[in-house]
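Here's the structure, in C-alpha cells; my notes come after.
The values are calculated or read from the model by the stated rules, or taken from the named source; none is laboratory data. On a predicted model such as this, the values are computed, not experimentally measured, just so you know. Here the Cβ positions follow ideal geometry from the backbone for every residue, glycine too, while neighbour counts run over all protein chains shown. Side chains are part of the model used for accessible areas, which takes the heavy atoms of the whole protein and leaves out ligands, DNA and RNA. Shrake-Rupley method; radii C 1.70, N 1.55, O 1.52, S 1.80 Å.
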Amino acid sequence: MAAMISLNNVSKFYPGGYEALKSITLSISQGELIFFSGHSGAGKSTLLKLMTAIERPTSGSIVVGQQNIDSLRRSAIPYLRRNIGMIFQEQKILYDRNVFANVMLPLQVTAFDTRASASRVRAALDKVGLLNKEKADPVTLSGGEKQRLCIARAVVHRPTILIADEPTANLDSGYARDIMAVFESFNQVGVTVLISTHDRILLDMTQHRVLELRHGKLVA
Amino acid sequence: MSSWLSQHGYALLRALRQLAAAPVTSLLSIIVFSIVLSLPTGIFILLENLREISGQATDTQQMTIMLDTAASQADVELINARLEKMPTIEGFQFISKEIALQELQQESGMAEVMHNLGQNPLPDVFVINLGHISANEIEKIQAMVQIWPRVAHVLVDTDWARKLDAMLDVGRLVVIMLASLFGVALVIVIFNTIRLQILTRHDEIELSKLIGATDSYIRRPFLYFGALQGAAGAALAWLLLYFAILKLNEALSELARLYATTFTLNHLSWRDSLILLLFSGALGWIGARWSVARHLSQIDHDSTIS
Ligand SMILES: Nc1ncnc2c1ncn2[C@@H]1O[C@H](COP(=O)(O)OP(=O)(O)OP(=O)(O)O)[C@@H](O)[C@H]1O
Ligand SMILES: [Mg+2]
C-alpha cells in the first residue's frame, strides 16, 4: 500500500536546545493502524505534533498524503489539518459550550453547510455513544465520556488520518477497550489511525504494529 | 460565492453574539465612543452652518459708498460719472435714500419708528460690485473714493466675511485636530477591548487553529466587532446631535423671532452622516486589526520553528 505518512531523518530540537527527536525515519501505510509507545518524555507527542505541523522539524523531511510539510507555507497549514482528526493529550475541550457545540467546531472553521453539519455532529456523537449527552455541559461528563467527546470532535469532519495522543490515559481498562473498539471501527472504513500510548494493556492486546520511542529514538 | 457570504455572515453573527454576550460593557463603550465623536462632529456642524451664512457673501466682494445726508442730485451724478469711468470695477448700483427707506419699511416692523422720525435718516448709497480683485486694489479704490466730495463712509463688505472665513479655517483645523485625537483614542479603546476578548477566548482560538481554522477566519469576527462598535458609536453620536440641534433650534427660533429673521441649524448632510459612520467604523476596524495582529500571533503553536 502507498505510504500515507513518511518521515525521513527527522530531528527536533526544542528552543533551549533539548533534542526531543533524533533522526527518525518511518513510513505509515494508507489505512494502517499504528501505535507509538515509550516512556514519558520519550517524544511521542512531539512526533505526532510534527505530522500536523503543530511543531516543525529542525531537520529532515515529512510527507503527509502527497504533501511535503516540512516546507509548508504557514497559510497552507489549516488545509493540512482539515484532513486530519486530532485527539490531544490535553483534550482541549471548551467548557463555555455544550457537547454538541464542541463537536461542531471543526465543521464551523471550514464553513461547512450548517444544516448538514448538525446531522454530521449527531452521527459522530452516535458513533462514540454520546448522543444522549449532546446538550450536556462538558464539565458534567466522566473521564471516559470526555475522551469520547474528543474522538467525536476528531472524526466529525471525516478525516483520512486520525491521530490520538494518549487517548486512554486515566481510564480504566474497560473504558480503554471501548475506545479502542471505536478506533478499530474507523480503521476498518479506511482511516489511517495513529495512537500514542504507554498503556501496557492496550499494547499487549493489539495485533497492530507498535513503534517504540526511547529518549527521542526509535527502537527496533 | 455563497460560501464566501456564509463565512462573512457567520463572522458577523459571532461578532454580534460577542456584543450581546456582554451587553453592558458593549453599551458603555458605545456610549463613550458616541460622546467622544459628538464633540468634533458637533463643532463641524456649527462650522458648516456658519459657512452657509458666510458663503453667500464671500464670493461677491462689494464696496458700499455712503454719501453725506446733505448730498445733492448733482453730487450723486458726479460720483455716478466717475464710477462709470473706472475700469477695475465690474458694475455698480445706486440706491437712493428714498428707496432705501421704502425697503426698510417693508422689510421689518420699523415703519412706525421711521414714520415718527419725521425725516429720512438714511444716506444715498452706491453699491459697487468689485468682482474678483486683490485686497490691495480694493484698498487703492477705497482710498481714492474716500476723498471724493460728499462721500461719508466707504465700507468694504467682504471684511466681515473674510474674518468669518479665517475663523472658519481655524475652526476647521480645530475639528481636524480633535477628530484625529479622538480617533486615536477610539482606536486605542478598541485595541484594548479586542485584546481582552482575545485573552478570554484564548482556548477557543488556540483550538480553532489546531483544527484547521485559517487566520482570516479567526480574525474576522474581531474585525467585525471593532467596526460594529465604531459604527454604533457614530450612530449614537448622530442621534445625540440630532436631539441637541432640535433643542438648539427651539431656542434659536425664539431668538430669530426677536430679530424678525429665520435661522435654523441643519444637521449633517446625508453624505456627511455616511462619512461619519464609515469613518468611525473604519477606526474600529483599524483598532481591531492592530490588536488582532498584535495578540493573535501570541497564540501560535506554529511559531515554534527552531
Ligand atoms: N514546547 C516544548 N519546549 C521544550 N521542551 C519540550 C516542549 N515540548 C516537549 N518538550 C520536551 O521534549 C521531550 C519529549 O516530550 P513529549 O511531550 O514529546 O513526550 P511524550 O513522549 O509525549 O511524553 P508523555 O508520555 O509524558 O506525554 C520532553 O523531555 C519534553 O520535556
Ligand atoms: Mg505526550
Report summary line: Scanning segment A:57-75 for residues that are modelled with pLDDT under 90, open to solvent by less than 40 Å² (accessible area, probe 1.4 Å) and either of a type outside the set (A, V, I, L, M) or in contact with a strand residue (DSSP E or B) (Cβ under 8 Å, 6 or more places away or on another chain) (or both) gives A:GLY65, A:ILE69
Query raised in the report: When you look at A:ALA116, is it within 14 Å of chain B (Cβ to nearest Cβ) and over 20 Å from B:LEU210 (Cα atoms), yes or no?
Result: yes
Query raised in the report: If the Cβ limit is 8 Å and pairs must be 6+ apart or interchain, which residue in segment A:181-198 that is farther than 18 Å from A:PHE88 by Cα pairs with which residue that is within 13 Å of ligand 1 (Cβ to nearest atom) and open to solvent by 10 Å² or more (accessible area, probe 1.4 Å)?
Result: none
Report task. Note down all Cβ pairs under 9 Å where the first residue falls in segment B:201-215 and is within 7 Å of chain A (Cβ to nearest Cβ) and farther than 23 Å from B:ALA22 by Cβ, the second is small (Gly, Ala, Ser) and open to solvent by 20 Å² or more (accessible area, probe 1.4 Å), and they're at least six residues apart or on different chains. Result -> B:THR214/A:SER75
**Report entry** Total residues in segment B:176-213, condition in contact with a helix residue (DSSP H, G or I) (Cβ under 8 Å, 6 or more places away or on another chain), open to solvent by 70 Å² or more (accessible area, probe 1.4 Å) and farther than 27 Å from B:ILE43 by Cα
**Finding:** 2
Report task. For segment B:225-246, indicate whether the set of residues that are among the aromatic types (Phe, Trp, Tyr), open to solvent by less than 80 Å² (accessible area, probe 1.4 Å) and within 14 Å of B:THR41 (Cα to Cα) is non-empty. Result -> yes
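Suppose the filter is touching a strand residue (DSSP E or B) at 6+ places or on another chain (Cβ under 7 Å) and closer than 29 Å to A:PHE36 by Cβ; does A:PRO167 pass it?
yes
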Query raised in the report: Do we have A:ILE28 as more than 16 Å from ligand 1 (Cβ to nearest atom) and within 14 Å of another protein chain (Cβ to nearest Cβ) here?
Result: no
Query - Single unsatisfied condition, B:ILE147 versus (1) open to solvent by less than 30 Å² (accessible area, probe 1.4 Å); (2) modelled with pLDDT of 85 or more; (3) among the aliphatic types (A, V, I, L, M); (4) under 30 Å from B:ALA74 (Cα atoms) - result: (1)
Requested in this report: Give segment A:76-89 a look and list any residue that's within 16 Å of ligand 2 (Cβ to nearest atom) and surrounded by 17 or more Cβ atoms within 10 Å (Cβ to Cβ), or say none.
Outcome: A:MET86, A:ILE87, A:PHE88
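Residues are listed down the side, and each one gets a yes or a no for (1) more than 28 Å from A:VAL219 (Cα to Cα); (2) touching a Gly at 6+ places or on another chain (Cβ under 8 Å); (3) within 16 Å of ligand 1 (Cβ to nearest atom):
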| position | (1), (2), (3) |
| --- | --- |
| A:ILE34 | no, no, yes |
| A:SER37 | no, no, yes |
| A:ARG82 | yes, yes, no |
| A:ASN98 | yes, no, no |
| A:SER117 | yes, no, no |
| A:LEU125 | yes, no, no |
| A:GLY129 | yes, no, no |
Report summary line: Of A:VAL128, A:VAL156, A:VAL139, the only residue that is more than 16 Å from ligand 2 (Cβ to nearest atom), more than 17 Å from the chain's Cα centre (by Cα) and β-branched (Val, Ile, Thr) is A:VAL139
Report task. Answer yes or no: is there a residue in segment A:48-55 that is away from ligand 2 (no atom under 16 Å from the Cβ) and either open to solvent by less than 60 Å² (accessible area, probe 1.4 Å) or at pLDDT below 90 (or both). Result -> yes
Query - For A:LYS92: the one exception among (1) closer than 29 Å to A:LEU203 by Cα; (2) more than 8 Å from chain B (Cβ to nearest Cβ); (3) surrounded by fewer than 20 Cβ atoms within 10 Å (Cβ to Cβ) - result: (2)
Query raised in the report: Going by the structure shown, is A:SER11 touching a Gly at 6+ places or on another chain (Cβ under 9 Å) and either over 21 Å from A:THR160 (Cβ atoms) or within 15 Å of ligand 2 (Cβ to nearest atom) (or both)?
Result: yes
Requested in this report: Scan segment A:148-204 for residues that are among the hydroxyl-bearing types (Ser, Thr, Tyr), more than 16 Å from ligand 1 (Cβ to nearest atom) and more than 14 Å from every other protein chain (Cβ to nearest Cβ) and jot them down.
Outcome: A:SER173, A:TYR175, A:SER185, A:THR192
Requested in this report: Residues that are open to solvent by 20 Å² or more (accessible area, probe 1.4 Å): find the strands (runs of 3 or more DSSP E) completely inside segment A:109-218 holding 2 or more of those.
Outcome: A:209-214
